[in-house]
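> I'd like to ask you about the structure that follows.
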Amino acid sequence: MSRVSRPHLLLGVALFVLIAARPIAKFLLLFPRDQWQVDVQVYREGGISVLQGRDIYAQMTQPPQLLPFTYPPIAAFLSVPLAFVPFPVAARGWTIAQLLANVAITRVAWFRLRERVGVWAPVLVGVVAAGFLWTQPVGDGIRFAQVNAFLVLACLLDLQRPRARWLAKVPPGVLVGPAMAIKLTPGVFVIHYLLNRRWREAGWAIGTATFVSVAAWLALPQASFAFWGGALSDPTRLGPNDGSANRAFRATLLRRGLEGTELTLAWAPWLLVMGAIVFWVAHRAHRQGDWIAEVGAVGPAGFLISPVSRVHHLHWIMVIVPAILGWSVLRARPDWRRVGAAAVVVAWFVCTMPFWGVLWLREGRDPRWVGDVPVEGNVVGSVVVLALLARAVHRTDRERSAAEVTAALRPVPAPGADSGTRVASGG
């Protein structure tokens, strides 16, 4: 990799600021104050509860949101620094940290194209990282001050091959563990490790998650008992499960009126099918040595199988898009099928289909199904994304097979043929 030139770095920063200006201004400066950075307010209240000895899971944020703390106790412990600064300072600082995390995700996940563009790499990183802010999953992370960017970055670095120099002595699995302890959904990576008999990575992930959770239990025993003994199994703490903000397939079934046994019987096959596809795609990517596709496949599993999912849980699209592009970005001619598939993913989540549907239904328009369909746009989109990634991984298998056949059919020169030719020609 060539050294970064200052002009290209400055151009990358300038383009990042230019492209990111509108979504940042929209969510950080122009958004209604009663909906401003609500999740970092939840984190901060958790930190205040730790300092003041309050019941972490009984506290609510200020009206009109009235949001409870829904994360494991270790997350409240890590939120203590937020309690030492005023809420506006904490919120703006959190936004800056998210932006830096998104830049880091782009730099790591788009390493193939960075190699292709050489000294223009800072420009690529700036444009791509800022461009993703226009998508719902990444933009909503800024809107609500979410934690997903940090979790994606941790898991991405954990599976990176070869590992970054500064991570060379950190065993694989160590970063997934704390991410899983903070928010349970990264635990899907442990399932992936176990299914592929990667016992060492699974052991480190489970071990570090257990260590962190036990440490939190010793520091906050009452909060730990409250979470693991009840709050964890109560999905209603995350808001109305049948609301349009819940983009899980289970919520789709709830919105169709299914309950009880009917709901379970309809949801269970979804879990089995989605789980099988996700971990099959991840297994194929692992065998190919494509760790980007591996992360891109496993990461969204939490969104697909969770009973409550928000669109910002699909922050993984920052990894999925380069995973779909694959190694084709290094070729002289682009693979337009891969480029088209990646463009579909980006375009799908730049659109705000669920909001279109909600507005249609709220205004009481007919026919009602015209609003019902786009309300489920992100549920459908998650399946489309998985299908496109599966096709890309399958395509990589076909390309590798074709390359192996070509190499096998290539004639091997007879021993001494080169030297004989040189003698005959006077070489």
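The values are calculated or read from the model by the stated rules, or taken from the named source; none is laboratory data. All of these numbers come straight from a predicted model, not from anything done at the bench. Glycine also receives a Cβ, built like all others from the backbone with ideal geometry; neighbour counts cover every protein chain displayed. Ligands, DNA and RNA are stripped out before the accessible areas are found, and what is left, the full protein with its side chains, is counted by its heavy atoms. Shrake-Rupley method; radii C 1.70, N 1.55, O 1.52, S 1.80 Å.
> Whole-Hz Karplus ³J(HN,Hα) for the range 99-116, in order, using 6.51 cos²θ - 1.76 cosθ + 1.60 and θ = phi - 60°, x for Gly and Pro?
Each residue of the range 99-116 in turn: 4, 5, 5, 5, 5, 5, 4, 4, 4, 7, 6, 9, 5, 5, 5, 4, 5, 5 Hz.
> Using Cα springs under 10 Å in a Gaussian network model of the chain, which residue among Lys26, Lys183, Lys169 shows the largest mean-square fluctuation?
Lys169
> To continue, here is another question. Calculate, for Val119 and Phe87, the FRET efficiency according to 1/(1 + (r/R0)^6) with r their C-beta to C-beta distance and R0 35 Å; round to the nearest 0.05.
0.25
> Next up: Using modelled amide H (1.01 Å from N, peptide plane; none on Pro or chain starts), what sits under 5 Å from the amide H of Leu175, excluding residues fewer than 5 places away?
For Leu175, whose amide H was placed from the backbone, there are no distant partners under 5 Å.
> Which residue fluctuates most in the GNM of the chain (Cα springs below 10 Å): Val128, Val212, Val89?
Largest GNM mean-square fluctuation: Val89.
> Let me ask something additional. On the principal axes of its Cα set, how long, how wide and how thick is the range 119-261? Give whole Å, largest value first.
54, 40, 32
> Dipole of the range 1-92, Cα-centred, from +1 at each Lys and Arg C-beta and -1 at each Asp and Glu C-beta, to the nearest 20 debye?
It comes to approximately 500 debye.
> State log₁₀ I(q)/I(0) for the range 318-383 at q = 0.15, 0.24 Å⁻¹ as given by the Debye formula over alpha-carbon point scatterers of equal weight, solvent excluded.
-0.58, -0.94
> In degrees, nearest 10, range 0 to 90: what is the angle between the Cα axis of helix 353-362 and the longest Cα principal axis of the chain?
Helix 353-362 and the main axis of the chain meet at about 30 degrees.
> Show me, for the range 192-200, the HN-Hα J-couplings you get by feeding each phi into the Karplus relation (A = 6.51, B = -1.76, C = 1.60, θ = phi - 60°), rounded to Hz, glycine and proline as x.
Whole-Hz 3J(HN,Hα) from phi for the range 192-200: 4, 4, 5, 5, 9, 6, 9, 4, 5.
> Springs between alpha-carbon pairs under 10 angstrom, Gaussian network model over the chain: which of Met318, Met180, Met353 fluctuates most?
Met353
> Taking H as built 1.01 Å from N, whose amide H comes closer than 5 Å to the amide H of Phe69, not counting residues under 5 places away?
Long-range HN contacts for Phe69: Gln59.
> Using Cα-Cα distances under 8 Å and only pairs 6 or more residues apart, what relative contact order does the chain have, in percent?
That works out to 16 percent.
> Quick one: what are the phi-derived ³J(HN,Hα) couplings along the range 279-294, Karplus 6.51/-1.76/1.60 with θ = phi - 60°, whole Hz, x for glycine and proline?
With coefficients 6.51, -1.76 and 1.60, one gets 6, 5, 4, 5, 5, 4, 5, 4, 5, 7, x, 9, 6, 5, 5, 4 Hz.
> What's the extension gain from Ala245 to Phe355 if we count 0.36 nm per residue and subtract their Cα-Cα distance?
Gain in length upon complete extension: 38.7 nm.
> Moving on. Under the rule of -39500 (n - 2.57) per DSSP H run of 4 or more residues, summed and divided by the residues of the chain, what mean residue ellipticity at 222 nm is obtained, to the nearest 500 deg cm²/dmol?
It comes out at -20500 deg cm²/dmol, rounded to the nearest 500.
> At a 1.4 Å probe, what is the % contribution of carbon and sulfur to the accessible area of the chain?
After summing per-atom areas, the C and S share lands at 67 percent.
> How far is helix 38-52 tilted, in degrees, relative to the longest principal axis of the Cα atoms in the chain, given as a value from 0 to 90 rounded to the nearest 10?
Long axis of 38-52 versus the principal axis of the chain: about 60 degrees.
> Here is a follow-up. Taking the 0 to 90 degree range and rounding to the nearest ten, how far is the long axis of helix 336-350 tilted relative to the main principal axis of the chain, both from C-alpha atoms?
Around 10 degrees separate the two axes.
> Placing +1 at every Lys and Arg Cβ and -1 at every Asp and Glu Cβ, with all other atoms neutral, what dipole size does the range 55-164 have around its Cα centre, in debye to the nearest 20?
That gives a dipole near 480 debye.
> Take the chain, compute every pairwise Cα distance, and split them into 10 Å bins from 0; I just need the percent in each bin.
Going from the shortest bin to the longest, the percentages are 4, 19, 29, 26, 13, 4, 2, 2, 1, 0.
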